[in-house]
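The values are calculated or read from the model by the stated rules, or taken from the named source; none is laboratory data. This structure is a prediction, so every number in the text was calculated from the model and none was measured. Backbone-built Cβ (ideal geometry, glycine too); neighbour counts: all protein chains shown. Surface areas here come from the heavy atoms of the whole protein model, side chains and all, with no ligands, DNA or RNA. Shrake-Rupley method; radii C 1.70, N 1.55, O 1.52, S 1.80 Å.
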Amino acid sequence: MQTVFPKGFLWGGATAANQYEGAYNVDGKGLSVQDVTPQGGFGPITDGPTPDNMKLEGIDFYHRYKEDIALFAEMGFKTYRTSIAWTRIFPNGDEAEPNEAGLQFYDDLFDELAKYGIEPLITLSHYETPLHLAREYDGWVNRKMIGFYENYVRTVFTRYKDKVKYWLTFNEINSIIHAPFMSGGIATAPEKLSKSDLYQACHHELVASALATKIGHEINPDFKIGCMVIAMPTYPLTSHPDDIIAVMEADRQNFFFSDVHVRGTYPGYMKRYFREHGIELNITPEDEEILKNTVDFVSFSYYMSSTETADPEKRKAGEGNILGGIHNPYLEASEWGWQIDPKGLRVILNTFWDRYQKPLFIVENGLGAVDQLVEGEDGQLTVNDDYRINYLNDHLVQVAEAIADGVDLMGYTTWGCIDLVSASTAELKKRYGFIYVDRHDDGSGTLNRYKKKSFNWYKEVIATNGASLVKK
Ligand code: BGP
């Protein structure tokens, strides 16, 4: 295929500290909300860390990062997305002074990436709220969180100002609506959480995000700071006008977050939603000023589209994707029931571009699947993951279509470029990587790394800047 990917396109992979670093209590690290959710972000909360929690050890990236980064470099990564674990820097979250050992770890990690010319892309908060802040303050419901987050981001921006250029403020900030504990550190049970408290928490995160953008630009004007949202284009089940309105309203629950980040002010449709749902928010004039610090780019994860209808009967009948919506009869689904829709990626890229005219960055996309480790032709253990290659190829072909449409896209990082623990289910058997990690849900495994077939496939895609992709 003739490539349309621009020169300097940031090809790479994405991870998050809590899903792969392990070493959950090493070198002064504090506990985060992940250490008490052994069944994933939607599951029950335990009193403390339990041995069945696969995230405690992760894939031990903390001790193996040099070996893993060498493999990323071999694939030709131009960028690498990971998060800083807030609890390595501020173990409880409300301390005045940071933990030096935590800061040193990320210094070493960024130095290692620099050795290979790989540009770090750093998420400041990826579902890793310090547990103490969840328990003591009810997480982002509490306004004090803005100050704790400010202290944390100021510390890491200052420390890494010459090592990191690309930053994301909150991973999938709109997920707080679906998973208040994992995403917002909100300890109040969802059924007891009022809508006012939930949207107040959203507001606090939005203010904190804008404040981080402001502080970051003051510390280093060259920083590029983006928001990060779950992108999910919504389709109508039928052409009935009521279904079209249902789509518009569903979309707005997601667009709300990127609209505020890009426009620096609350959209009218959200003010109406608050009014009509009895949601009263405490928004100060200072908050309104801070929100005016808008992002440099919009980044997002893309796994699925969603389908909506206004018909309650059809709604009941059709179970859809993890984040709602109903079943789309035209799409197939992954083994975890996530409906696969490469063209939806072209749709959402165009939608965001038309809406914002801001550079975009796809920072997550990929297929979670069960992999089988087998002996390859060269005698080495490998995984013949043609299903993953097909999935990524088909999505990237649609990315190319969007670029041809005129979308300004900075880069593409596949999710879980090395196998890691799932966010939604905390399973290891849901694998996304180009690199297989020998670790299993019962805790067994050598932690050895093996290249899957997709490893060389992706290497070729990067080396040819997309020319090796196959348009079917
Ligand atoms: C996103 C999260 C990631 C990641 C991914 C895949 O929502 O930002 O942390 O895990 O989804 O989801 P899962 O791990 O549940 O398959």
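Return a yes/no flag: does the range 131-144 have any residue that is open to solvent by 40 Å² or more (accessible area, probe 1.4 Å) and in contact with a strand residue (DSSP E or B) (Cβ under 7 Å, 6 or more places away or on another chain).
no
Could you tell me whether Tyr450 is more than 22 Å from the chain's Cα centre (by Cα), more than 16 Å from the ligand (Cβ to nearest atom), among the aromatic types (Phe, Trp, Tyr) and open to solvent by 30 Å² or more (accessible area, probe 1.4 Å)?
Yes: the conditions hold for Tyr450.
Taking into account only those residues within the range 165-195 that are touching a strand residue (DSSP E or B) at 6+ places or on another chain (Cβ under 9 Å) and surrounded by fewer than 21 Cβ atoms within 10 Å (Cβ to Cβ), which is nearest to Thr82 (Cα to Cα)?
For the range 165-195, the residue satisfying everything is Lys165.
Regarding the range 86-96, can at least one residue be identified that is of a type in the set (Val, Ile, Thr), out of contact with any His (no Cβ under 6 Å at 6 or more places or on another chain) and either open to solvent by 10 Å² or more (accessible area, probe 1.4 Å) or on the phi < 0 side of the Ramachandran plot (or both)?
yes
Conditions (1) under 30 Å from Ile340 (Cβ atoms); (2) surrounded by fewer than 16 Cβ atoms within 10 Å (Cβ to Cβ); (3) out of contact with any helix residue (DSSP H, G or I) (no Cβ under 8 Å at 6 or more places or on another chain), marked per residue:
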residue: Thr234; (1), (2), (3): yes, no, no
residue: Leu237; (1), (2), (3): yes, no, no
residue: Asp242; (1), (2), (3): yes, yes, yes
residue: Asn254; (1), (2), (3): yes, no, no
residue: Val262; (1), (2), (3): yes, no, no
residue: Tyr266; (1), (2), (3): no, no, no
residue: Tyr273; (1), (2), (3): no, no, no
residue: His277; (1), (2), (3): no, yes, no
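What residue, of Gly43, Gly76, Gly48, is within 16 Å of the ligand (Cβ to nearest atom), out of contact with any strand residue (DSSP E or B) (no Cβ under 6 Å at 6 or more places or on another chain), open to solvent by 10 Å² or more (accessible area, probe 1.4 Å) and among the small types (Gly, Ala, Ser)?
Going through Gly43, Gly76, Gly48 in turn, the sole match is Gly43.
Between Leu168, Leu206, which is modelled with pLDDT of 95 or more and within 15 Å of Glu128 (Cα to Cα)?
Testing whether each residue is modelled with pLDDT of 95 or more and within 15 Å of Glu128 (Cα to Cα) leaves just Leu168.
Are any of the residues in the range 257-270 of a type outside the set (Phe, Trp, Tyr), over 22 Å from Ile230 (Cα atoms) and assigned to a loop (DSSP other than H, G, I, E, B)?
Within the range 257-270 (the criterion being of a type outside the set (Phe, Trp, Tyr), over 22 Å from Ile230 (Cα atoms) and assigned to a loop (DSSP other than H, G, I, E, B)), the answer is no, since none of the residues qualifies.
Would it be correct to say that Ser258 is in contact with a strand residue (DSSP E or B) (Cβ under 6 Å, 6 or more places away or on another chain) and closer than 15 Å to Leu168 by Cβ?
It is true that Ser258 is in contact with a strand residue (DSSP E or B) (Cβ under 6 Å, 6 or more places away or on another chain) and closer than 15 Å to Leu168 by Cβ.
From the list Ile348, Ile389, exactly one residue is farther than 27 Å from Leu56 by Cβ and within 16 Å of the ligand (Cβ to nearest atom). Which is it?
After ruling out the rest, the residue left standing is Ile348.
Could you look through the range 171-208, keep only residues that are over 15 Å from the mean Cα position of the chain (by Cα) and among the small types (Gly, Ala, Ser), and pick out the one that is nearest to Asn18 (Cα to Cα)?
This residue is Gly185.
Let me confirm something: among Ser125, Ser175, which residue is within 16 Å of the ligand (Cβ to nearest atom), in a helix (DSSP H, G or I) and of a type in the set (Gly, Ala, Ser)?
The match here is Ser175.
Of the residues in the range 404-439, how many are within 16 Å of the ligand (Cβ to nearest atom) and either part of a loop (DSSP other than H, G, I, E, B) or among the small types (Gly, Ala, Ser) (or both)?
Final tally of qualifying residues: 18.
Need pairs with beta-carbon distance below 6 Å; first residue surrounded by 10 or more Cβ atoms within 10 Å (Cβ to Cβ) and within the range 374-395, second basic (Lys, Arg) and not in a loop (DSSP other than H, G, I, E, B); sequence gap 6+ or separate chains.
Asn384/Lys453; Asp385/Lys453
Is it the case, given these coordinates, that Thr425 is over 28 Å from Ser183 (Cα atoms), touching a residue at least 60 places away in the same chain (Cβ under 8 Å) and open to solvent by 10 Å² or more (accessible area, probe 1.4 Å)?
When the stated conditions are applied, Thr425 does not pass them.
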